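Down below is the structure, laid out as structure tokens.
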Ligand code: FES
Ligand code: FES
């Protein structure tokens, strides 16, 4: 039994300790917003926050998050210290109409939220270093616009 | 498989082998006659005036979209077309996936058969079999005929109904944001109030859609309907399907993982488990011709169990093919080899001339050795790699079959499931969730067959079968390896006299159809997709020939975003740059001169060149600028790429494009599609190849089949040229010019001519 919190609620999961958090979220907890893309930490589709840090949940055994706070796309903007930043990121994402197929987007939005929650004025280089996720549809140009806008909104303190 | 299914699939296949595209006429929606009388199910107080939308009592417009959205924005785009004709307020418009019905057939994708003589027949075929299909960048063009005219007809009867109720002349009424108004009296009422009356009236036979000058929504980019859910993470993809009665993990949904034999072709002969039996997590084993699936309560556990299985491959069809061997045989075919003994992997090539004019043979014979110029090019196999790995959820219960799958042709999914489960088509419900990318990958049916095979052994419990990324990369239906030999001759004045494009590669359509139904793997008509982007060039020469040698490969191939246009633009637009270099001409001016008879292409080229400031100096050493122009899917794109090469490493800095797709109905989405397509083309040019060794694919995941990242992504600018010409496609057209423009830029920066993808500078 592994115990942790997901989006502010306690979760008790009866899964093998080496089962990746990604599959625990999707199969055991019914939280399917976090996506599977590669399973080897190469694409970032599975990005979630663990105690506020962006991690790739496909390579994070559930035992590692025992006692920790996990935030997924379902709760990112609802709950936790990053919620206001996540709201700003999501608003900017909608304004810039970033998604195409949308499959990679929860991972990007989560990674962008983690970055902006820790660094309110990231440089272009810092953004590029933090967002190493992959998007096959090529939404990067719109994402750049959204990221600039999200920085603006976070600095103004609006979600 | 039922005989009738075979026949229907054959008709689809014969049509798909075409690939050239035709725009549907204004009366397209009426061609379907009876089918157009279809009305989707409605709730209390709702009215459907056509197959494509309904009005709700609170004056909302719900559009039924019979195409699949894989990121191209088609759901929202088609809703926008309907909303425009009805002058609806965008905030009151929603869209849903339509069910399966012949009324929703994509008549364009089928009617655009290969030889023009067959097109009429294929339109009839499309009507008869009514295939709903998304592909060939046809959705908007098809809807432009059908949905738009149907909406215009509905508008007409709604206004008539209001006029009758108010006893006012219809010509005095106007619709604004979903409200019917009579300006003089100030009377106003929501459109939905007249829906029931309107439904009793006959739709006019030839309605007049609004002229572009009167558009309010089209030509703008309102918030795409799918975007808020995708941003909030609540959009449900195939892999997220949780059939309603299976909210708990113990009683409901089961998961299947699948592993194919290591070879790209061969048979599964045996499965060996350590200790002679599968691990306890495995509830069922299901074997196919070349795959093994295991079912468990968790996909992760199923996948982990598969890791212990040893799949023994063999059989008569087992292949040991390698990319190097294929390359050598391709080269021999270009040199004229026809002897199947010397072409063990390919067999005897079928040689065809797809187009010719002038007198190519004489031009070749007349040209002295030094007045000839020839270069060989090649592209490798490529995988599609949509971000959402292939998956399918199936349930077979009480004679009913449910299939949840991100697909590009629900009608064909329905036929397939009916055939596999031996039930009538009506017993099959196909649910199409959001597609996490398609790019041609989701035409394939194998994952559906596998999921159905699994659902047969679970006593009515639904099964979700997911391919790992490794399976996706190692068992795709690849964009084919193709090699080309480009030849030009010069006349006495030093101008280009002959343009000859010779290439060797497989018929992708034959491979696709052969997998849909092995009974169809026979002789095929010429596959125009092989030569699209090569057989009709906007450039004019005195002598022209486009030749293709079709070979059979032991490797499955498939449609890959932009299909033949993707590699042919690379051959054509690199070669023309080479000629400009040989002729000491500016690559832009030479192209411009050759476009004397193609004013639309010329305008697009000029727009790109001027937006990019073609002649403006580059920032410094190591920079280069390159250009390419390509028509595909009836649209024209010119692209100027700036690169900086530092220590042999290519950095793409800027991509400036101009696009003429007739009219940009949603300019923001056109820009997004051009950038997305270009990124896919640049990624292929810079990074990727699927390599075969000993019958296996070498690459296995995103670490060795990498994709472009945010940091590597260039700055994009896109100019839209609204020529007003017939609508062209948008979803694939960004791909073709990207690789050649990049290669030409690298040449400008380094003097190194890259004739093979992926580009290697060292
Ligand atoms: S699925 Fe975790 S990084 Fe790709
Ligand atoms: S939006 Fe499709 S993969 Fe990123």
Taking the stretch B:384-401 only, how many residues are within 14 Å of chain A (Cβ to nearest Cβ) and surrounded by fewer than 24 Cβ atoms within 10 Å (Cβ to Cβ)? 0
The conditions are (1) more than 26 Å from residue A:135 (Cβ to Cβ); (2) within 16 Å of ligand 1 (Cβ to nearest atom), and residue A:16 fails exactly one of them. Which is it? (2)
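Looking for whichever is farther than 20 Å from residue A:37 by Cβ and more than 12 Å from ligand 2 (Cβ to nearest atom) here; the options are A:112, A:130, A:125. Which one fits? Full working, then the answer.
On the way: A:112 fails: farther than 20 Å from residue A:37 by Cβ; A:130 fails: farther than 20 Å from residue A:37 by Cβ.
Step by step, each of A:112, A:130, A:125 is checked, and only A:125 is farther than 20 Å from residue A:37 by Cβ and more than 12 Å from ligand 2 (Cβ to nearest atom).
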Apart from one, (1) assigned to a helix (DSSP H, G or I); (2) within 13 Å of another protein chain (Cβ to nearest Cβ); (3) away from ligand 2 (no atom under 16 Å from the Cβ) all hold for residue A:142; the odd one out is (3)
Taking residue B:457, is it more than 16 Å from ligand 1 (Cβ to nearest atom), crowded, with 24+ Cβ neighbours inside 10 Å, closer than 22 Å to residue B:295 by Cβ and in contact (Cβ under 8 Å) with a residue 12 or more places away in the chain? no
If we keep just the residues of the stretch A:25-39 that are part of a helix (DSSP H, G or I) and either more than 10 Å from every other protein chain (Cβ to nearest Cβ) or over 19 Å from residue A:102 (Cα atoms) (or both), which is nearest to ligand 1 (Cβ to nearest atom)? A:25
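If you go through the stretch B:260-280 one residue at a time, do you hit one that is within 13 Å of chain A (Cβ to nearest Cβ) and either free of Cβ contacts under 8 Å to residues at least 60 places away in the same chain or under 26 Å from residue B:394 (Cβ atoms) (or both)? Spell out how you get there, then give the answer.
Looking only at the stretch B:260-280, we keep the residues that are within 13 Å of chain A (Cβ to nearest Cβ), and these are B:279-280.
Cutting the leftovers down to either free of Cβ contacts under 8 Å to residues at least 60 places away in the same chain or under 26 Å from residue B:394 (Cβ atoms) (or both) gives us B:279-280.
Yes, that holds for at least one residue.
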Of the residues in the stretch A:40-82 that are in a strand (DSSP E or B) and within 30 Å of residue B:699 (Cβ to Cβ), the one that is nearest to ligand 1 (Cβ to nearest atom) is A:56
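Please state which one of A:89, A:98, A:70 is away from every other protein chain (no Cβ under 12 Å) and surrounded by 20 or more Cβ atoms within 10 Å (Cβ to Cβ).
Details: A:89 fails: away from every other protein chain (no Cβ under 12 Å); A:98 fails: away from every other protein chain (no Cβ under 12 Å).
One residue alone meets the criteria, A:70.
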Out of everything in the stretch B:567-578 that is in contact (Cβ under 8 Å) with a residue 40 or more places away in the chain and in contact with a helix residue (DSSP H, G or I) (Cβ under 7 Å, 6 or more places away or on another chain), what residue ends up being surrounded by the fewest Cβ atoms within 10 Å (Cβ to Cβ)? B:577
Hey, could you check the stretch A:124-139 for residues that are crowded, with 24+ Cβ neighbours inside 10 Å and over 16 Å from the mean Cα position of the chain (by Cα) and say which is nearest to the other protein chains (Cβ to nearest Cβ)? A:138
Hits in the stretch B:701-730 - residues which are within 14 Å of another protein chain (Cβ to nearest Cβ), closer than 17 Å to residue B:655 by Cβ and modelled with pLDDT of 95 or more: B:707, B:708, B:709, B:710, B:711, B:712, B:713, B:714, B:715, B:716, B:717, B:718
For the stretch A:113-123, check the following and say yes or no: at least one residue is within 12 Å of chain B (Cβ to nearest Cβ) and free of Cβ contacts under 8 Å to residues at least 60 places away in the same chain. no
Being away from chain A (no Cβ under 14 Å) and either surrounded by fewer than 18 Cβ atoms within 10 Å (Cβ to Cβ) or without any contact (Cβ under 8 Å) to a residue 60 or more places away in the chain (or both) narrows it down to one residue among B:285, B:301; which is it? B:285
Quick one: which residue in B:656, B:645, B:640 is within 14 Å of chain A (Cβ to nearest Cβ), outside any helix (DSSP H, G or I) and more than 19 Å from the chain's Cα centre (by Cα)? B:656
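Determine, yes or no, whether residue B:404 is more than 20 Å from the chain's Cα centre (by Cα), within 14 Å of chain A (Cβ to nearest Cβ) and surrounded by 24 or more Cβ atoms within 10 Å (Cβ to Cβ).
Answer is yes for this residue.
Say whether the condition of being over 15 Å from the mean Cα position of the chain (by Cα), facing chain B (nearest Cβ under 10 Å) and at positive phi is met by at least one residue in the stretch A:15-23. Spell out the reasoning first.
Start the filter on the stretch A:15-23 by keeping residues that are over 15 Å from the mean Cα position of the chain (by Cα), which leaves A:15-20, A:23.
Now narrow it down to the ones that are facing chain B (nearest Cβ under 10 Å): A:15-16, A:18-20, A:23.
Going one step further and asking which of them are at positive phi, we end up with none.
So far as the stretch A:15-23 goes, no, none of its residues is over 15 Å from the mean Cα position of the chain (by Cα), facing chain B (nearest Cβ under 10 Å) and at positive phi.
Quick one: is residue B:420 in a helix (DSSP H, G or I) and either on the phi > 0 side of the Ramachandran plot or away from every other protein chain (no Cβ under 14 Å) (or both)? Give the steps one after another, and end with the answer.
On the way: in a helix (DSSP H, G or I): yes; either on the phi > 0 side of the Ramachandran plot or away from every other protein chain (no Cβ under 14 Å) (or both): yes.
So residue B:420 fits the description; yes.
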Please determine, by comparing only the residues of the stretch B:423-472 that are within 14 Å of another protein chain (Cβ to nearest Cβ), touching a strand residue (DSSP E or B) at 6+ places or on another chain (Cβ under 7 Å) and not in a loop (DSSP other than H, G, I, E, B), which one is nearest to ligand 2 (Cβ to nearest atom). B:434
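The values are calculated or read from the model by the stated rules, or taken from the named source; none is laboratory data. If you're wondering where the values come from, they're calculated on a predicted model, not measured in any experiment. Glycine also receives a Cβ, built like all others from the backbone with ideal geometry; neighbour counts cover every protein chain displayed.
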